[in-house]
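Note sheet for the following structure.
Throughout, read-outs are computed from the coordinates displayed, never taken from laboratory work. Being a predicted model, the structure only gives us computed values, none of them experimental. Glycine also receives a Cβ, built like all others from the backbone with ideal geometry; neighbour counts cover every protein chain displayed.
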Amino acid sequence: MSQIPQTEEFEPDYLQTLPLSVTVVRWLLTCWPVLLLSLPCVLVGLAVWVLVYSGYENQLTQVSQYLADAQKRVDAKDYDEASLCYQRAIQMGAGTDEVVYKLAKVYQQQDENDLALGIISSLAPLNQTGYAPAHLDLATSLLSQPNLQSAGVGLAESHLRRILDQDPNSLDANSLLGQIYARTGRLAEARNHLFMVMKDRPGFMLQVAALERALCKDKDADTTARQAVNAFSKLSRDDPTNPGARLSLAAATAFLKDFTGAESILNTGLEKADRQEYHAALSNLYLAWADDSMKNRKKGPDDWMPLLEKAMQQAPESPVIDQFRLLMVRNQRNDAETNQALRDLLARSEEKSTGVLFLLGLDAWEQKRAEEARQYLDEAYKADPSQVGVANNLAWMLATGDKPDLPRALEVINHALEAAPGTFEMYGTRGRVLVRMQRYREALVDLEKSLRAKSGPNLHSDLADAYEALGMAELATIHRRKSAEARTALEAAKPSGS
C-alpha cells in the first residue's frame, strides 16, 4: 500500500504580516518617483497649515487680550472702552452667552437700558433653558417693580424655574422663589425652597421657622429657631461688633418665647454700642412680649402695661401706641379696664411724643372733653406740623362744638392739603369748616370730592346742611336719611362694652 506524501503546512497569504519598517521601505523604493513629484505640494500644504494654525493662535491670543482688557476697563469704570473691547472680541468669534451678557451689563452702566434689556431677554427665553444669570436678572428686575402685578410675579417665577432646570440647588433662584411663594400665600412651597438655602444663608432661618409655625409644624419651627440661635451665637462670638448677628440672635431667642434672654442680648449690645437698631429691636421685643402676655387669659393690664411703657421709652417717635392698640383688638383686650390703664399710662408719661399727644387728644374727644382734646391736638400739631393726620383732626375739632375757631381750622386744614393734596378725608374736614363759615358752594366741592372715596354719617350730615342752605331740599333730605342710616350701622357694629 502506497503512502500518501504529507504536504508541508503553511499559513495563507492573508495571515502573513510584514514588519512596518519593511513595508515602508518597500513602498519608498517602489513609489519614490511619485513622492518626488508630490513633494512640492506636500511642502506647500505644510506651510499653509503652519500659517493657518499660527493665525488661529494669534486670534485666540488677541481675543483673550480683548476680554482681559474689557474686565480691567469694567473694574476701572471705563465703560466706553469696556464696551469696545467686548464688541471686538465678539466680532472675532468670542460671542458666548457669558461674553454677550457681560456686554449687556456694560450697556446698563452706560444707561443704554433698552439695548441691555433686549440682549438679556434674548439670552433668557422662557421656552428654552437659556443663560441662568440672564434669567436671574430679569426675575430680580420684575420683582423690584414698585407696583408689582400678578402677571409680573408669574413671569419672575417662570424665569427662576428655568434656572432650576439647570441647577436645582441654585441659592439665588431658591431664595427668590421662596420669597415669591411666601408673598403669595403658598407657605409650604415657600418653606421648602427657603429650607434648601438656609444653611448657606442663615438669614432665612427665622423666616423658615415662622413659615413652619404658620403651617402648624411647631416642633419643626422650634428646631429651626434653635438652629438659628446656634448659627447667630457663633456669628456674634466670631464678630462681637456685628450688630446684625446680635439682632438676629435676639429675634431667634424671642421666637422661642425666651423674652428675658432676648432682652439681655439686646441690652448687652447697647452696652457695647448705643445703636438705634438696638433701641428699635427692644421696642419691638416688648410689644411681642405684651402680645404673648395678652394671649394668657389669666393675665391683665398690670402684666402688659409695663411692657408698653418700656417699648415707648425705647422708641418714643415710633407708632408704638398704634401697634399696641392693634394688639388689644387682635387679642380681644379692647375692654374698658385695658383702655383706662392705657389712658392712665399716657397721661403720666413725662415726655409726651407727638403720637402720645395725638392719642390723648382723641381719647379726650371720645370722652366728650372737647377743650382738653383741642389742647392735646394743638400741642401735637405745634410739635410736628408735618403730621397731616394730626392737622386733620385738629381742624375737625376746631370746627366742631360750641366754641369753634373757624379761621384757625381753615388755616390748619389748608396747610395740610398743600402737603397732601390727594387725601379725601381732609377734603371732608375742609368741607365741614366751610359749611360752618356759610361758604356753602365751596363746601360742596370738597364734600362731594370726599364722598367719592368714603362716606359716613358726619359727611352726609354736612352735605345735607349745605344743600339745605342752597335751597336744594330734595338732596338735603336724601343725605339726612343716609346720615341716619350710617350712624345706626356704626352703633350696631360697636362691640358690647366699648
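Tabulated values for the structure
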{"read-out": "Value at 222 nm in deg cm²/dmol, rounded to 500, when DSSP H runs of n ≥ 4 in the chain each add -39,500 (n - 2.57)", "value": "-24500 deg cm²/dmol"}
{"read-out": "Options Leu434, Asn296, Leu194, ranked by Cα towards positive dipole end of the chain, top entry (Cβ charges)", "value": "Leu434"}
{"read-out": "Between helix 132-143 and the chain: long-axis angle, C-alpha atoms, 0 to 90°, nearest 10", "value": "10 degrees"}
{"read-out": "Region 224-276 - charge dipole about Cα centre, Lys and Arg +1 at Cβ, Asp and Glu -1, debye rounded to 20", "value": "160 debye"}
{"read-out": "Spatially proximal aspartates and glutamates relative to Lys72 (Cα-Cα < 19 Å; intrachain offsets below 8 disregarded)", "value": "Asp80, Glu81, Glu98"}
{"read-out": "Entries in Lys102/Lys199; Lys217/Lys257; Lys352/Lys382; Lys199/Lys234; Lys77/Lys105 that, when Cα-Cα distance is taken, lie over 19 Å", "value": "Lys102/Lys199"}
{"read-out": "Degrees separating the helix 320-330 axis from the principal Cα axis of the chain, which is the longest one", "value": "90 degrees"}
{"read-out": "Residue (of Leu115, Gly261, Leu398) at the positive-pole extreme of the chain, dipole from beta-carbon charges", "value": "Leu398"}
{"read-out": "Sorted peptide list for 215-223, 203-211, criterion being average Cβ within 10 angstrom, highest first", "value": "203-211, 215-223"}
{"read-out": "Compactness of region 198-271 as Cα Rg over 2.2 N^0.38 Å, two decimals", "value": "1.06"}
{"read-out": "Exposed GluC sites (Glu not before Pro) absent: longest stretch of the chain, with sites in DSSP loops and at most 16 other Cβ within 10 Å deemed exposed", "value": "113-316"}
{"read-out": "Sorted by Cβ neighbour density within 10 Å, fewest at the top, the residues Phe195, Phe255, Phe358", "value": "Phe195, Phe255, Phe358"}
{"read-out": "Net dipole in debye of the chain [+1 Lys, Arg Cβ; -1 Asp, Glu Cβ; about Cα centre; nearest 20]", "value": "1560 debye"}
{"read-out": "Nearest-ten-degree value, helix 388-399 long axis tilted from longest Cα axis of the chain", "value": "20 degrees"}
{"read-out": "Residue exposure sequence - Leu490, Leu176 - by fewest surrounding Cβ within 10 Å", "value": "Leu490, Leu176"}
{"read-out": "Proximal aspartates and glutamates to Lys272, defined as alpha-carbon separation beneath 17 angstrom and excluding residues fewer than eight positions away on the same chain", "value": "Asp238, Asp239, Glu263"}
{"read-out": "Mean projected area (nm²) of the alpha-carbon convex hull when the chain is viewed from all directions", "value": "53.5 nm²"}
{"read-out": "Relative contact order computed over the chain (Cα-Cα under 8 Å; 6+ residues apart), in percent", "value": "4 percent"}
